[in-house]
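Colleague: Sharing a structure below in structure tokens format, with a few things to ask.
Any read-out appearing in this document is the output of simple, stated calculations on the displayed coordinates, not a laboratory observation. Model, not experiment: these values are computed from the prediction. With ideal geometry, Cβ positions are generated from the backbone for all residues, glycine too; neighbour counts draw on all protein chains shown.
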Amino acid sequence: MPKILKNISDVRDFTSLYNLVNRRIGFVPTMGSLHDGHLELGRRARKECDCVIYSIFVNPIQFGPKEDLDKYPRDLKGDLEKLDSIGTDAVFFPDESIMYPEGFSTYIDAGETANILCGRSRPGHFRGVTTVVCKLFNIVGCDQAYFGKKDMQQFIILNKMVRDLNIPVELIGVDTVREKDGLAMSSRNSYLNKKERASAPVLYKTLGYIKKHLSEFAGQEEAVQKAKEMISEVKEAEIDYIEIRNLKDLSEVKNFRKEKHVMFLAVKFGKTRLIDNIILN
Ligand code: AMP
């Protein structure tokens with residue numbers, strides 16, 4: 001079983017042994033309730049690093065006041081068994097008071113990229129993400145950290161953070177792991193009722209259709225319009241946003257045919273908001 005580290009000093013003692021002999025530490029930050037998507041990050045870390053550390057921390061400051069912090073799924077026992085099966089060395093599992101002791105007041109603001117797409121629907125979300133990930137990097141002192149491309153906006157924002165703040169961690173993006181019907185694995189999929197679950201694969205089907213037929217659209221507006229039409233056909237789906245943005249920095253696409261861009265979407269099924277994306281070209 002992976003070693004459970006509850007305190008910051010436990011983590012530093014654990015990693016110091018690896019640092020002494022110049023071994024590579026791979027780190028996977030998560031909020032737990034692990035599925036195969038989370039495990040894929042660790043499998044990749046296992047191949048590339050000498051030591052694999054996960055964190056499991058449901059980070060309160062990335063949840064809005066009306067969001068699902070209290071009912072976010074938690075399953076430490078199941079998580080540890082899964083992490084054991086892929087050869088995880090240690091899990092940092094701090095209490096909230098360890099991460100945010102009384103008087104905590106310093107945050108990282110990633111600027112405009114944190115205010116678009118999911119940032120518009122979830123004000124303050126990415127400020128919570130950048131702040132906790134920076135803290136975790138400082139605690140763990142990893143060489144490489146692994147993130148899912150399912151959360152592409154998060155991955156792009158975190159890359160900007162490590163560049164802007166000269167944080168010496170290399171970020172590795174891992175392709176989205178999907179269910180057989182194409183639905184991106186997510187801890188929040190467990191909230192879906194039967195009907196919603198049956199409808200949710202429309203997201204990836206739509207993204208795949210747009211990518212396949214990209215050359216047939218006159219421009220990005222037409223591609224977005226088609227995606228909106230396809231998803232609106234599903235009764236259970238309520239679109240939050242569908243947008244095409246540059247892969248590099250999330251800026252607006254000016255030259256649809258030349259720039260490397262991504263279609264991002266967020267769609268609600270009942271109370272559950274799901275996100276997905278696809279690199280189009
Ligand atoms: P979370 O616990 O939701 O904060 O996710 C922790 C990490 O797992 C993030 O880097 C996510 O992008 C990644 N992740 C979540 N779902 C998937 C998936 N289906 N495929 C690949 N990575 C994922």
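Colleague: Fewest to most neighbouring Cβ within 10 Å: what's the order for HIS125, HIS213, HIS261, HIS38?
Modeller: HIS213, HIS125, HIS261, HIS38
Colleague: On a 0 to 90° scale, report how tilted helix 8-20 is relative to the longest principal axis of the chain, with both axes built from alpha carbons and the result rounded to the nearest 10.
Modeller: 80
Colleague: Sticking with this structure for a sec: Just need the relative contact order of the chain here, percent rounded to a whole number, with Cα pairs under 8 Å and 6+ apart.
Modeller: 17
Colleague: Could you work out how far apart the two model spin labels at ASN281 and GLU238 are, taking each label as a point 7 Å from the Cα in the direction of the beta carbon, and quote it in nm?
Modeller: 3.5
Colleague: At a 10 Å Cβ-Cβ cut-off, how would you order MET31, MET161, fewest neighbours first?
Modeller: MET31, MET161
Colleague: Please name whichever of PRO60, GLY87, MET31 sits farthest to the positive end of the charge dipole of the range 1-139, dipole taken about the Cα centre and charges placed at Cβ: Lys and Arg +1, Asp and Glu -1.
Modeller: GLY87
Colleague: Quick one: which of LYS211/LYS254; LYS149/LYS258; LYS71/LYS248; LYS77/LYS150 span more than 28 angstrom between C-alpha atoms?
Modeller: As for pairs spanning more than 28 Å Cα to Cα, those are LYS71/LYS248.
Colleague: Between ASP84 and ALA198, take the C-beta separation as r, use R0 = 22 Å, and let me know the FRET efficiency to the nearest 0.05.
Modeller: 0.10
Colleague: Report the calculated FRET efficiency for GLU216 and ILE167 (r = Cβ-Cβ distance, R0 = 51 Å), to the nearest 0.05.
Modeller: FRET efficiency, GLU216 to ILE167: 0.75.
Colleague: Within 15 Å, Cβ to Cβ, of LYS268, how many net charges do the neighbouring residues add up to if Lys/Arg are +1 and Asp/Glu are -1?
Modeller: Residues close to LYS268 contribute a combined charge of +3.
Colleague: Let me ask something else. Taking the Cα centre of each part, how many Å lie between the range 233-247 and the range 170-190?
Modeller: 17
Colleague: Quantify how much of the Cα-Cα distance distribution of the chain extends past 37 Å, in percent.
Modeller: 14
Colleague: Sticking with this one: If you keep only loop residues by DSSP, which trypsin sites (Lys or Arg not before Pro) in the range 160-266 have at most 16 other Cβ atoms within 10 Å of their Cβ?
Modeller: Passing sites in the range 160-266 are LYS180, LYS235, LYS248, LYS254, ARG257, LYS258, LYS260.
Colleague: While we're looking at this one, here's another question. Just want the answer: with Cβ charges of +1 for Lys and Arg and -1 for Asp and Glu, which residue in ILE231, ASN193, GLY208 is farthest toward the dipole's positive end in the range 187-279?
Modeller: Positive-most Cα among the choices belongs to ASN193.
Colleague: For the chain, take the longest principal axis of its alpha carbons; what is the angle in degrees between that and the long axis of helix 125-140, to the nearest 10 within 0 to 90?
Modeller: Roughly 30 degrees between the two axes.
Colleague: Now a separate question. In percent, what relative contact order does the range 187-279 have, based on Cα pairs under 8 Å that are 6 or more apart in sequence?
Modeller: 29
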